[in-house]
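Data block below; observations after.
The values are calculated or read from the model by the stated rules, or taken from the named source; none is laboratory data. Worth saying up front: this structure is predicted, and the values here are computed from it rather than measured. Here Cβ is always computed from backbone atoms with ideal geometry, including for glycine, and neighbour counts include all displayed protein chains. With ligands, DNA and RNA removed, areas are computed over all heavy atoms of the protein, side chains included. Shrake-Rupley method; radii C 1.70, N 1.55, O 1.52, S 1.80 Å.
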Amino acid sequence: MNAVTTFLTRKAGGQRANWLDYLTYAYLLTGVLLILLPVSWLALNSLKSSSQLEKQDLSLLPSSFEQVARATVSSPDGKQIFFIPDLPQWVLGWDDLSDAEKAEQDLPGFLSQHEGRDLYALRSHLNQVPQLVRDLIAEQGLPEWLLRYPSMSVSAKAENDVEGVLAQLDDEQARLLSEYLNLAPYEPARVSLQIQVTAPDPVTGDETLFGISNFKATRDFTPARYVDNRTDKVVRLDTNSVTMRRIFDPSWENFTDPITGQAFGLNVNFATCFTNSVLVTVIATVLTLLVNSMAAFSLAKYKFRGQVAFFIVILATLMVPPTITLVGVFKAVYATGLSGSIWGVIIPGAATPTGVFLLRQYMLSIPDELIEAARMDAASEWKVYWRIVLPLALPAIAALAILSVIWRWNDLILPLVAIATTKDAYTIQLCLLEFRGEHLSQEHYRLAMTMVSLVPSTLVFVFLQKYITTGIANTGLK
């Protein structure tokens, strides 16, 4: 902490800060904000729920409004729309619970606390109607074809006497079976979540609880219904008088679901993608260091015809955009049988012109006398390379290793060319593309997994950046 304080209070000279100090700290603060603000925005949005993102909620923190359940129940008199207040949170978020969390709830005990239309709505919302119908069929000895009736064709349904079966049951049993079979007038009940707000009653002026489907501050009036069900009519509230309470509600399942393979509609295993990226990064980095250091050693310490020409060709490849070589890389990968394998990502980039240039310039600073002395002591060329040149070039090798990790981890183009047809070989960057499809967009998962993909490269850069600066600064100057 003292080192940070000393750094932040450092001055160019004198006891008091001058205009240059203020300009320097303003530049430093601007740079920090330009780096941290986008990352902070991404981190906060990765914790928002899918509904909050779909509504394009511009609030900074992941949050949700206080909600209330609105039920729609059918009867011979028509549809009834009403609210069921004071439900526990696990009931409101039933569809978002995992199978294990659902199994922990005492559903029969909870449903026994309700009756009438509340019971009809809640048993449908909690997906209990199919099981209750199975129990009813077993208890009353009803025909088994009733379970298959909803999926039957029109002609098959006409062959079965549903009305005769319903006539054998009492009113509650007939209603339950009719809801399952989707027979008029008892259509399946529905429960939807609405925002619970507080506003003055348009009639009495008293503060009253209302339920609204969505809130738009740009509208003058907001349609709403009474939560206490005093009337089923829709009232208009002055938007400026509406008060709602936000709840800090981070969606940690954005991270856990893809990693554990529970993400809906995802055809790849994110944990496998993460493992593939680690393997590609580690193996490719080791090969890059080995191949590039050998090439740099030969260009720096050997004299042969065409040496300068080879070096110029290597430097020239730095000016060729990678997109131009995509077709050639694809043909080479396909011809060698590496297509669909992680080796198709590792091998094509084993040698990099940047790495050769960086290490060659650093190795030029190693005295030739050390190498000649080793040769006079009968050291082989491999021992000269392995025992003398590599240890002395460690700063540049460390810098190249860190850069290679960042390049490989974030690479998308080469995996897209080499392994796009084999999902078992997907790297983490290809997996991120799977969260956005033609008919299904899962931005909450993609934002969360993007944050996960940033962690390794960020840690490598933050904790090892001194090796990057040291290696590059000393290149050719030692």
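Among residues of segment 82-98 being touching a residue at least 40 places away in the same chain (Cβ under 8 Å) and within 21 Å of the chain's Cα centre (by Cα), the one that is most open to solvent (accessible area, probe 1.4 Å) is D96. Among the residues of segment 38-64, those that are surrounded by 12 or more Cβ atoms within 10 Å (Cβ to Cβ) and of a type in the set (S, T, Y) comprise S40, S46, S49, S50, S51, S63, S64. The number of residues in segment 179-218 being small (G, A, S), out of contact with any Phe, Trp or Tyr (no Cβ under 6 Å at 6 or more places or on another chain) and part of a loop (DSSP other than H, G, I, E, B) comes to 4. Among the residues that make up segment 181-190, is at least one of them modelled with pLDDT of 90 or more and crowded, with 18+ Cβ neighbours inside 10 Å? No, there is no match, as no residue in segment 181-190 is modelled with pLDDT of 90 or more and crowded, with 18+ Cβ neighbours inside 10 Å. Of the residues V242, V234, V268, the single one that is closer than 30 Å to L209 by Cβ and in contact with a Phe, Trp or Tyr (Cβ under 8 Å, 6 or more places away or on another chain) is V242. Per the conditions (1) open to solvent by less than 80 Å² (accessible area, probe 1.4 Å); (2) out of contact with any strand residue (DSSP E or B) (no Cβ under 7 Å at 6 or more places or on another chain), the sole criterion not satisfied by E172 is (1).
In the set (1) in a helix (DSSP H, G or I); (2) under 35 Å from the mean Cα position of the chain (by Cα); (3) loosely packed, with under 13 Cβ neighbours inside 10 Å; (4) of a type outside the set (V, I, T), A309 fails one condition alone, (2). Filtering segment 162-178 to residues that are assigned to a helix (DSSP H, G or I) and either over 18 Å from S124 (Cβ atoms) or in contact (Cβ under 8 Å) with a residue 60 or more places away in the chain (or both) leaves V162, E163, G164, V165, L166, A167. The one condition from (1) closer than 30 Å to V389 by Cα; (2) at pLDDT 85 or above that G349 does not meet is (2).
Would segment 84-104 turn up any residue that is under 18 Å from N229 (Cβ atoms) and among the polar types (S, T, N, Q)? No, that holds for no residue. Taken residue by residue, segment 197-210 has at least one member that is more than 30 Å from V133 (Cα to Cα), open to solvent by 20 Å² or more (accessible area, probe 1.4 Å) and of a type in the set (G, A, S). For segment 392-439, filtered to residues that are part of a helix (DSSP H, G or I) and not hydrophobic (A, V, I, L, M, F, W, C), the residue that is farthest from F270 (Cα to Cα) is P395.
The C-beta contact set for segment 293-312 (first residue over 12 Å from A393 (Cβ atoms), second residue at pLDDT below 90, distance under 6 angstrom, 6+ apart or interchain) comprises L299/F311.
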